[in-house]
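Undergrad: Next up is a structure, given as structure tokens.
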Amino acid sequence: MKQCKIHTGWLVTAMVVILLVIDQIIKLYIKTHFYLGESVRVTDWFFIDFVENNGMAWGMSFINKLTLSLVRTVAIIVLLCYLRNIIKAGTHRLLYIYMVALVTTGAIGNMIDSMFYGLIFTSSEPFYVAKFVPFGQGYSAFMMGKVVDMFRFPFFTFTWPSWFPFWGGSEFTFFDPVFNFADSCVTVGIISLLLFCRKELEALGKKEEVLDKKEETSDKNKENLDTKNEEEKA
């Protein structure tokens, strides 16, 4: 059993490292060969579009950069601790372990951009390709770098009927968001967990309920003990 856990741990580690290397190779190539906003048509439904964002999946952004970086750091630490625990426990399916590792990999991949890209690159600009600079002389501070996105899959475009509320007459493209390899890891991991690992997720929810009940019981016992002590003093 111990050898099996060690074997699983090494496999997960290798998977994470390989995927991170792939993610960073793609990003480094785009960062050093494309100017900001440059678009290359591969097929009618696949484009390489170089954009940057503050670090949320699929280019979303509704909180400031520093707060986002801190939240993501905490999330990654929690995921890594949880991943270590489920590998050590040896009671979960490999599929579940790999999918948790996949989500963790995606989070780390985008975090690397935020941590270091601002320190080692000049700023990407329209018609200007970024270059490597000595460490610490880049366009931003530690944890403040922008995440590189590049993949866009506009599978089809249609126009909403004029009578349709809010969007009537406007064009809609599916699927238009620009994303990166790390985003894909997070998305595939989460969807796979929801589709194929429901038992593990339900068990995780039940475990939290048990812990909550234990905390409630402990609080009640403490209150009863305090009440008993007060009565004895009286």
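The values are calculated or read from the model by the stated rules, or taken from the named source; none is laboratory data. Since we're looking at a predicted model, the values are computed, not measured. Note: ideal-geometry Cβ built from the backbone for every residue, glycine included; neighbour counts use all protein chains shown. These accessible areas exclude ligands, DNA and RNA; they are computed on the full protein's heavy atoms, side chains included. Shrake-Rupley method; radii C 1.70, N 1.55, O 1.52, S 1.80 Å.
Undergrad: Residues being of a type in the set (Ser, Thr, Tyr), more than 25 Å from Leu119 (Cβ to Cβ) and assigned to a loop (DSSP other than H, G, I, E, B): count how many of those fall in region 134-175.
TA: Looking only at that region, the number is 2.
Undergrad: Starting from region 192-207, take each residue that is touching a residue at least 40 places away in the same chain (Cβ under 8 Å) and on the phi < 0 side of the Ramachandran plot and list its partners that are surrounded by 10 or more Cβ atoms within 10 Å (Cβ to Cβ) and assigned to a helix (DSSP H, G or I), counting only C-beta distances under 7 angstrom and pairs at least six apart or across chains.
TA: Once the first residue is touching a residue at least 40 places away in the same chain (Cβ under 8 Å) and on the phi < 0 side of the Ramachandran plot and sits in region 192-207, its partners that are surrounded by 10 or more Cβ atoms within 10 Å (Cβ to Cβ) and assigned to a helix (DSSP H, G or I) give Ser192/Met99; Leu193/Met99; Leu193/Leu201; Phe196/Leu95; Cys197/Leu95; Cys197/Tyr96; Cys197/Met99; Glu200/Tyr96.
Undergrad: State whether one or more residues within region 28-47 are part of a helix (DSSP H, G or I), open to solvent by 30 Å² or more (accessible area, probe 1.4 Å), of a type in the set (Phe, Trp, Tyr) and modelled with pLDDT of 95 or more.
TA: Yes: one or more hits.
Undergrad: OK, next. For region 51-61, check the following and say yes or no: at least one residue is part of a helix (DSSP H, G or I), modelled with pLDDT of 95 or more and surrounded by 15 or more Cβ atoms within 10 Å (Cβ to Cβ).
TA: no
To keep it simple, each residue is scored yes or no on (1) in a helix (DSSP H, G or I); (2) open to solvent by less than 40 Å² (accessible area, probe 1.4 Å); (3) of a type in the set (Lys, Arg); (4) within 28 Å of Ile190 (Cβ to Cβ).
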{"residue": "Leu70", "(1), (2), (3), (4)": "yes, no, no, yes"}
{"residue": "Thr73", "(1), (2), (3), (4)": "yes, no, no, yes"}
{"residue": "Asn85", "(1), (2), (3), (4)": "yes, no, no, yes"}
{"residue": "Thr91", "(1), (2), (3), (4)": "no, no, no, yes"}
{"residue": "Ala101", "(1), (2), (3), (4)": "yes, yes, no, yes"}
{"residue": "Tyr117", "(1), (2), (3), (4)": "yes, yes, no, yes"}
